[in-house]
Structures are given as C-alpha cells and as structure tokens.
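Only one structure is covered here, and it is reproduced in the block below.
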Amino acid sequence: MTIENTKTYHGEEVEKIFFRPSFCGTDADKLGVRVLYNMPLPTTVQVWSRPKNVLQEFESGWSGGTTGEKLQKTIDMRRVKAESKFSSEDYASLVFEKIVGNVSVNQGDLTGTELEKAETELFRMAIAEGVRSTLWIGDTKGEISDNTTFDGIFRHLADMRDDIQAVIITSETTQKPEALEMLKGCWDNATPELKALRSEGQLAYFVSSDVCNGYIEKLDEWGTDTAYIDMMNGHQQLFYRGIPVIEVPLKSYSTSSFSDFCMLTDRRNLVLALNTADMPENEVRMWYNPDEMENRQRAVFLAGAQVLDSNLVSIYYTNY
C-alpha cells in the first residue's frame with residue numbers, strides 16, 4: 001500500500017505543527033536554550049543589564065540615575081531546506097508502525113486523518129533532530145562539521161575563543177581531566193558576572209555524552225542510599241551544586257573539535273531563532289512521486305543561532 005495524498009503546510013501551520021511541539025515545553029527544557037519564533041528580519045536580540053547603584057541620598061527633584069547597559073546581537077538567519085525520501089513500501093511500514101503503537105486507533109478502520117498525523121509526526125521528529133544537531137555543530141565554514149546550513153553554538157564559540165574563559169585539552173595534556181574536575185573547573189574559571197547569575201536560576205552545564213556518563217559513574221560510586229536508588233532507577237535529572245547538567249549527544253555526528261566538552265553558561269545566553277513566516281516559500285510538503293515510487297518530504301524555513309555574551313561562558317573542551 002502506498003501513501004499518495006499530498007500535504008502542504010504554510011506559515012503558522014509550520015510553526016504550530018512542526019516546531020512548537022519540538023521546541024516548547026519539556027522538549028525545550030531538555031534542549032536548554034532560548035528559542036525565538038518569527039522575529040522580524042533582520043533578527044536582533046537585545047539584552048539589558050540591571051542598573052547598578054541606583055540608591056541615592058534623598059533630596060527634592062530629579063537627581064539623575066544610571067541606565068542599564070544594552071547588549072545587542074544580530075542572528076544570521078539562513079534559509080534551510082530539509083529533505084527525506086523513502087521507498088513507498090518502507091514509508092508505508094514506518095507510518096503504519098506509528099499507528100499500530102497507538103492503542104486508541106482502530107486498525108480495521110484507518111482514516112486519512114490518522115495517516116496524516118503519523119506522517120507528520122515522522123517528519124517532525126526528523127526536522128527536530130536536524131535543527132538540534134545544527135544548533136550545536138553547524139558551521140558554514142565547514143571546519144567543525146560538514147553541516148554548513150547555519151552557524152551553530154560551537155562555531156560562534158570558536159570565533160570567540162580569545163574572549164571566553166576556556167581550558168583546551170590537547171593530546172599533549174598529561175592526563176585527561178575527569179568529569180567532576182571539568183564541572184568544578186568551569187565554575188572556578190567563570191567570571192564574576194556569570195557566577196552572579198546563579199541566584200536567577202538560569203545557569204546550566206552543557207556537557208558531551210562522555211562527560212555526562214563519567215559524572216553518572218562518579219555518582220554511582222558513592223555508597224549512599226540515594227546513589228543506590230538512582231543507580232537502580234536511573235538519574236532523571238543531573239545537577240552539580242544545584243546547577244542542572246544537560247547532556248548534548250553529538251557522538252553520531254562527525255566533529256573534529258569539541259568531542260568532549262563541559263560548558264557553564266546562562267540558558268538565556270544561547271539563542272536558537274526559527275522563522276516560518278517571513279518568506280513566501282517557507283513550507284513543509286509531503287508527497288508521493290509515482291515515477292520513482294517513493295514518498296518525499298521537504299521543509300523550507302529560516303534558522304540561526306547565536307551566543308550573546310562571551311563573558312558569560314566558561315568551557316573545558318578537547319581539541320585533538
């Protein structure tokens with residue numbers, strides 16, 4: 001059986017159906033960064049610092065005051081195209097597998113709506129993973145990865161190398177630091193401005209899978225009842241000194257740098273911008289090609305990422 005109905009989504013449909021389910025709510029919390037939708041082009045982000053020393057001796061009239069410093073960054077939005085194709089048999093199997101897994105579906109009476117939902121979910125997951133990985137390792141120069149659609153966080157960090165608090169671990173390093181040492185080192189090396197944001201509850205550690213697993217193994221070694229329970233049930237959420245530790249799985253992607261990393265920053269300092277409204281060609285389309293006997297999917301939208309303030313980044317990473 002082939003799935004031949006063509007489906008096309010535009011504008012707000014693309015945002016509501018394909019992006020907000022992936023980058024809002026609990027999924028956005030796991031991603032850990034600030035997500036902006038359909039900001040006016042060119043997309044700029046403004047951050048105001050709090051005014052300092054606003055208290056003055058009382059006297060009549062206006063004595064003046066201090067204003068907060070404004071930091072403004074422009075996000076380079078790039079036009080992105082996501083495409084996939086499957087043979088009609090494989091595609092039908094994938095879609096029907098998602099339907100079979102839903103206990104509320106009557107398998108003897110499958111409607112077009114149920115098929116459409118399954119197709120949409122299949123492509124939505126593919127788009128979400130593509131955006132997530134590019135958010136971190138995208139590099140228009142092609143030095144960090146072969147994903148050149150838009151510059152990700154590591155590309156921006158590489159350009160900021162002289163301005164951020166970074167410890168680079170090379171092959172000449174006598175001993176590779178353990179995960180716990182990297183977490184502690186990021187805090188110790190952080191600027192006073194970054195440490196001062198701890199009370200606002202937005203600081204987070206972003207770590208590679210190896211660092212995350214190393215930290216878990218260290219926690220499991222401690223002979224406490226809590227460690228035993230976590231080892232049996234799994235660690236639902238990792239923290240270091242009250243700061244969330246968020247795993248950034250990139251092992252399946254080829255990266256020459258940042259293979260192991262541990263970064264401390266404010267969540268609001270990392271921005272992902274998506275735009276599905278400002279270009280008439282922005283759409284998601286799914287159709288069946290009878291000549292090739294395959295189902296095809298395509299999404300066209302604008303995407304970009306930015307690190308707002310280099311002063312709010314403390315990182316350890318390997319560079320072999």
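The values are calculated or read from the model by the stated rules, or taken from the named source; none is laboratory data. From a predicted model like this one, the values you see are computed outputs, not experimental measurements. As a convention, Cβ positions derive from the backbone with ideal geometry for all residues, glycine included, and neighbour counts pool all protein chains shown. Areas reflect the complete protein model, heavy atoms only, side chains present, ligands, DNA and RNA absent. Shrake-Rupley method; radii C 1.70, N 1.55, O 1.52, S 1.80 Å.
State, to one decimal in nm, how far the label point of Asn189 lies from the label point of Asp163, with both points 7 Å from Cα in the Cβ direction.
1.8
Highest mean first, how do 138-144, 18-24 rank when packing is the count of other Cβ atoms within 10 Å averaged over residues?
18-24, 138-144
In whole Å, what is the distance between the alpha-carbon centres of segment 143-212 and segment 245-320?
Between the Cα centre of segment 143-212 and that of segment 245-320, the gap is 18 Å.
Summing Lys, Arg as +1 and Asp, Glu as -1, what charge do residues with Cβ under 9 Å from the Cβ of Ile169 carry, Ile169 excluded?
Result for the local shell: 0.
Indicate the gyration tensor shape class of segment 248-320 (rounded, prolate or oblate), computed on the Cα atoms with a ≥ b ≥ c the square roots of the eigenvalues: a/c under 1.5 is rounded; otherwise a/b larger than b/c is prolate and the rest oblate.
In terms of gyration-tensor shape, oblate.
I want the local charge near Arg198. Using Cβ-Cβ distances under 13 Å, sum +1 for each Lys or Arg and -1 for each Asp or Glu among the other residues.
0
Going by average Cβ neighbours within 10 Å, how do the peptides 285-292, 273-280, 184-191 rank, with the highest at the top?
273-280, 184-191, 285-292
Rounded to the nearest whole Å², what accessible area per residue is found for segment 239-320 with the 1.4 Å probe?
Heavy-atom SASA per residue in segment 239-320 reads 36 Å².
Would you tally the net charge around Thr265, using a Cβ to Cβ cut-off of less than 14 Å, leaving Thr265 out, and scoring K and R as +1, D and E as -1?
With Lys, Arg at +1 and Asp, Glu at -1, the neighbours total 0.
Note down the accessible area of Arg34, probe 1.4 Å, to the nearest 10 Å².
80
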